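The values are calculated or read from the model by the stated rules, or taken from the named source; none is laboratory data. Computed from a predicted model, the values in this text were never measured in an experiment. Please note: Cβ atoms are built from the backbone with ideal geometry, for glycine as well, and neighbour counts cover all protein chains shown. Protein only, heavy atoms only, side chains kept; ligands, DNA and RNA dropped before computing areas. Shrake-Rupley method; radii C 1.70, N 1.55, O 1.52, S 1.80 Å.
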Amino acid sequence: MKSDFPEPDDIFEELAEKVATAIERGKVVSFKRSLEEMERFHQFLLALNSARSEDGSQFNYAQISGGLWNEPHRTWIRHYRRLFALAADQITENDEFISTLAHVPHHLFSFSRTYARTPEITSAVLDLGPMMVHRLQGWRSKRTTVQVPLGGEAKPKLDLAPSEARAYANTLPSLIGAWEALVRYAPLTFEWNKLRRQKKVPERWTAYAESWPFFWAHLTNTAYCLAACVWNEDEAGASAYLDALLSWRSALRHELDAEHFYTPYHRFLYPTMFRQSWDEVEGRVAILVPQRSVHVSPEAVFSSLLTSAHNDVILLTAQLFLFWTVSQKQLTDIGARVANRLLQLRPAEHGDEPPSTRPLSLRSRFLDMMRFEVAPVLEGETSYAADLDHYIQQLDNMTERHVVPGRIYTPSTLHGRGGLMSSEIAILAASVPMTGDDGLRAYMAQLSANEALWPAADDSIRRLLNHLQRILQSLETGASSIGEGVKYVLNAEYPESLPVLSNILKSVVDDVEAARRSRLRERAIDQQKLLDLSHLFEKRLLEEPLDFPFFEAFQVVRTEDSGGGTVLDVPISNVQKGQLTTPPMDYDLADFAPSLARSADDILWRTVWGNFLQKPRQIHGLDMTIQNVAFWEKVSTLIPQVQPNSILVVSISSEGSVLRKSLYGLSKVSAGIKIESVPTKSAKRNYIATVNGIDVFGASFPAGVSWLFSAEMLQQIVFEKLPDTNLYAAIKYVPADEETGVLRLLAKPKLDWRDTPIFELKFLPSQEDAD
Amino acid sequence: MIDWRRGGPTGSLNAWVRREVRVQLRSNPAARAARYTWPHRLLRGFFSIATFTRFVSLYVCVCLLVVAAEILAVQFGEQEIAQWLPPVPWPMSDQDTWLLNISGYLIGAQVGLLSVVSISIALVSLIAQRENAETDVKVYYHESLAFELVASNVALLTVLCLQLLWPFQTVLSLLGASATHIAFKPFLLGVHLVWLTVNLLTVAFFISTTLRFVQDKSRQEIRERYIVNITHPVELSERLRRSVYSTSSLSILRSAGEATGQDDKAAVFFGSHFDEPQDAVLEATFHHSVMLHDVHMGVVKWVLLRWKNRSLEKLRDAARDEGMGGGRRPLIWFPIDLNLPVQGTTPICFQRHGAELTRVEKLLLRYAFCFRRVRDEV
């Protein structure tokens, strides 16, 4: 009994059981009391696990799974799932259960007990919203029927019974209200008033940054709820959550809009700025805000970022819904209809009235979409674009087919925004004006002329150009889905839009590329980069041990004297100039500098071997094969002349193969020949075996030819300083044209050889060679 | 980056986790608010004896000590010792009658206490069963010291009943070794009285907990107190232990100055399985079921850093040979999981590429992984 202590999970489950029992019995008062007890216990557990790490940041031990399948805080959240399902079942009888449960996230944030609201905990609590919507959709699916009017054609219309539909429609506003209350009360939860009164600007920025995970999770979950309704073809739910998503930003208008600031380049502000200090943010904003503008506060930047994120989520959600309809993932066109309303920012309550706001121009649409592509990438490959990819992946994941848990399968859903290109093009094409380009070309020309405006300078521009090239390719292949998408967005055919869009985008690409090339031509090579490369090359040659085939125990020295050495000059052609500018104007080739340094060995080896080949050789003709004992006896008579450390180099393909076969017992060896592989030598390059005490190496020789010489013939390599420099090895860039050039790897080595002979033995190829 | 020095000189994993949990409980406001008070802890300390057998055994030990003292007193001059003690305020001839009367009252009181406790437990159990509140009842039993109190009451009642006959003293008397000038029985009666008083206080505590338990707010407090003091430290330690053991893979090869994350040149994994080679670098044979209980991470780190440096030298040579060398990243891994019973010849460490471990290093690694015998469940 003593060891049977209940764990927090057991207690949590029992509290949930009490709530569930009250729902099943229809006891509202008991339900509310039990739910409050459960919520307080949940808060207590979160508070008990709260901690501060050594750097002062908040941390929650409930995030440590300790090898378990789920993190404890996720397990606690899952207890609510059953309650939502039970409460959904009671909607027609009593909707108070589900309405009260809809306030759980709000309660968890606003009770008096404080706990570490880390992004993970916040996100888990806000996941209660989508969890509830999924349970509601589950309830709805159980009750929907296919309604076919008498005598009418069969059509896939799924609908609830009228009484249930009414009850559901009556419940939705209270659920949406509870969900929106989270944002409405966020200023109180995060104590913004106190923050503004008492804190200094950098601290205020940090506090806003800490609240960002909450707003992002709420925004994306609102869109997720909408997506769940759209996917389940729930018209009433979709209308309610469409309104919630469109009016999401308005809940904070009274708090933040007083601090508004204007910049024509607001699209270049990204939420990744929340990871930066206020000084860095201020620096960035100063570039984007015209000089005449007033002082920019953290609230203003925060407000601007919230607005941008809201627009992004609306745009991407619309793209996804359009994709669902066009790719025929759904029976009805609800996806396209909701996408249309999202694009027009037209809430469902306005019915089919024409939108009050003017449709966005091609320029605005293009800039809104371009924003995703040019987002900066931070350390650790994190970026806002990656967050959006994750968001799309999550949303589309609900359309995944049923899979067996634990089985490896290929997901059929989207991994990110890449799969939405046809929707993106369709939306752009639908915005194409009958004449002109809405000033897009001129605006882009102006933007591309000023590299500093772009979030990641030339890197952003390169990414945009790449993306535009992909769009142009798609337009050329002319996928039918694009045309269909345009039809859905416009509610009309507009076949001329695609070639017009293609022409506009081509001219944009040309203009941006031209501006970029002009900058590249003007930009000088960064001499420091070249010098760093030279030092790397020099270090590899002079300081690290060189490993050559055949030769060993030689020294590498440097001398101040000059004369005697020959300049080694190896060109590497077609090197992009952009690689060597600061900031770089070309894609960072992986391992560019280290691979250059690594090639130093090979370059020097070619010089050494070339020099060795020019040395005189004493030729001995032998009328025997390498398998004869007499051959090895002859070799042993020559060995005293090629000391120290004599080696025999044979053809790697013929004699090398014969020796290896003998070594592994695959062919017979004459008596008196002892072949072995010495473990300490087996790591040497091109080593084959040791025969009668002689180390045999392989090279690309013809069959029947071998060389006998001392492995220590090369005594030292002396590096002299290169003329007009202070370096022993250097890399120089010679422009070939305005954008490419040649890298010259330079060194001046002098080789000192020992005065021992080289014997060239010519013998008969063995029978096995012919085989 | 984990500072293993906090786990003592050898960087013990368990010591490190204990320290972390202690610091967390001290600094966390929710934990501080729900800690047991000192009198409460004292009471729990006494009742940690917990079972009937242990209570009776402890009393028998006390009794035997008293008997031994009586024998020694008789042996070494009872009269001289009696002179040093205060005089007994009642005639020695009436002593047994007094004792019998008082014991009778004590038995009466004890029976009364036991019935109150038993009825309360029964009632709460019945109510809880009706409300489907099994875990709450378990918490209540624990927090009200119900089992311990019943055990203590029953044990005292048994002792009082048996001591009506004073079995040990009777045997002494029959052997002619009982004291006539010093009163040992009243000392034992005093023990009974103290025990009964503790039981009385605990019954008061029990009743107070019972009454509080039926109120929602107080029940929440009792629940929270139970979690903070009983389950949370154990549960958090267990989670932290497993988490820190597996995440050490990321940090153990890094020095304080280096960035976080896995070392990109050499890798170590704890509690992970790969495509394992036939021969383990280090293995141990256990004749009984054992479980990995603790790891001296400081020692493991010292060994692995030496191994890494040697391996990287070797890697550089290999890279030159092959021109690339990317595929020969030195890797070492310890497949043993925490809390997973093993028996027989068990691999402790595998290695792929990199330098070989020396004999001393292997010896240290074997010392660093501490196993503890566990009961066979077969």
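Values for this structure:
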quantity: Förster radius 35 Å - calculated FRET efficiency between B:LEU200 and B:ARG6 (Cβ-Cβ, nearest 0.05); calculated: 0.20
quantity: Enclosed volume per residue, in Å³, of the convex hull spanned by Cα atoms of the stretch A:427-541; calculated: 144 Å³
quantity: Residue list for the stretch A:300-317, given a label point 7 angstrom along the Cα-to-Cβ vector of A:ARG196 and an amide N cut-off under 11 Å; calculated: A:300
quantity: Largest to smallest principal axis extent of the C-alpha atoms in chain B, angstrom; calculated: 105, 58, 42
quantity: Equivalent ellipsoid dimensions for the stretch A:473-568 as semi-axes, Å, which come from the Cα gyration tensor, largest first; calculated: 61, 20, 10
quantity: Principal-axis tilt of helix A:235-246 within chain A, Cα atoms, nearest 10 degrees; calculated: 70 degrees
quantity: Surface share of carbon and sulfur [accessible, 1.4 angstrom probe, percent] for chain B; calculated: 62 percent
quantity: Local electrostatic count, B:ALA177, Cβ distance below 11 Å [Lys/Arg +1, Asp/Glu -1]; calculated: -2
quantity: 10 Å Cβ neighbours from other chains, averaged over peptide A:40-49; calculated: 5
quantity: Centroid-to-centroid separation of the stretch A:470-507 and the stretch B:217-235 [C-alpha atoms, Å]; calculated: 64 Å
quantity: Rg(Cα)/(2.2 N^0.38 Å) for chain A, N = residue count; calculated: 1.35
quantity: Full-extension gain in nm, B:ALA109 to B:GLU313, via 0.36 nm per residue minus C-alpha separation; calculated: 65.4 nm
quantity: Carbon plus sulfur fraction of accessible area for the stretch A:710-771, probe 1.4 Å, in percent; calculated: 44 percent
quantity: Drop in accessible area of at least 40 Å² in the complex versus isolated chain, residues of the stretch B:128-148, 1.4 Å probe; calculated: B:ASN132, B:THR135, B:LYS138
quantity: Where labels lie 7 Å past Cα in the beta-carbon direction, separation of A:TRP69 and A:VAL557 in nm; calculated: 7.2 nm
quantity: Sites B:ARG329 and B:GLN220 - FRET efficiency at Förster radius 56 Å, r taken between beta-carbons, to 0.05; calculated: 0.55
quantity: For A:LEU727, residues with placed amide H under 5 Å, excluding near neighbours; calculated: A:LEU722
quantity: Residues losing 20 Å² or more accessible surface upon assembly, the stretch A:657-702, compared with the chain by itself, 1.4 Å; calculated: A:ALA683, A:ARG685
quantity: Solvent-accessible area, 1.4 Å probe, carbon plus sulfur percent, for the stretch A:313-460; calculated: 52 percent
quantity: Long-range amide H partners of A:TYR733 with built H, under 5 Å; calculated: A:ARG744
quantity: GluC sites (Glu not before Pro), loop per DSSP, at most 12 other Cβ atoms within 10 Å - longest free stretch of chain A; calculated: A:154-399
quantity: Calculated P(r) tail over 24 Å for the stretch A:611-751, as whole % of Cα pairs; calculated: 46 percent
quantity: Accessible surface buried upon B-A contact (total; probe 1.4 Å; Å², nearest 100); calculated: 3400 Å²
quantity: Solvent-accessible area per residue for the stretch A:525-626 (1.4 angstrom probe, square angstrom); calculated: 54 Å²
quantity: Accessible area in square angstrom per residue, chain B, 1.4 angstrom probe; calculated: 53 Å²
quantity: Hull volume in cubic angstrom per residue (convex hull over the Cα atoms of the stretch A:678-731); calculated: 167 Å³
quantity: Total formal charge among the other residues, if their Cβ is under 11 angstrom from that of A:TYR409, Lys/Arg +1 and Asp/Glu -1; calculated: +1
quantity: Viscosity 1.567 mPa s, temperature 4 °C, Stokes-Einstein D of the stretch B:1-73 from Kirkwood C-alpha radius, µm²/s; calculated: 79 µm²/s
quantity: Solvent exposure of the stretch A:179-234 as accessible area per residue, Å², 1.4 Å probe; calculated: 40 Å²
quantity: Helix axis angle, B:359-368 relative to chain B longest principal axis, alpha carbon, degrees; calculated: 40 degrees
quantity: Per-residue [θ]222 nm for chain A (sum of -39500 (n - 2.57) over DSSP H runs n ≥ 4, rounded to 500); calculated: -16500 deg cm²/dmol
quantity: Between 0 and 90°, nearest 10: helix A:480-490 axis offset from chain A longest Cα axis; calculated: 30 degrees
quantity: Largest-first principal axis extents, alpha carbons of the stretch B:113-270, Å; calculated: 84, 49, 22
quantity: Rounded to 5, percent antiparallel among DSSP beta bridges of the protein assembly as shown; calculated: 75 percent
quantity: Unit Cα scatterers, Debye sum, the stretch A:1-143: log10 I(q)/I(0) for q = 0.20, 0.21 Å⁻¹; calculated: -1.23, -1.32
quantity: Cβ-based charge dipole, the protein assembly as shown, positive-most Cα from B:SER218, A:LEU501, A:SER480; calculated: B:SER218
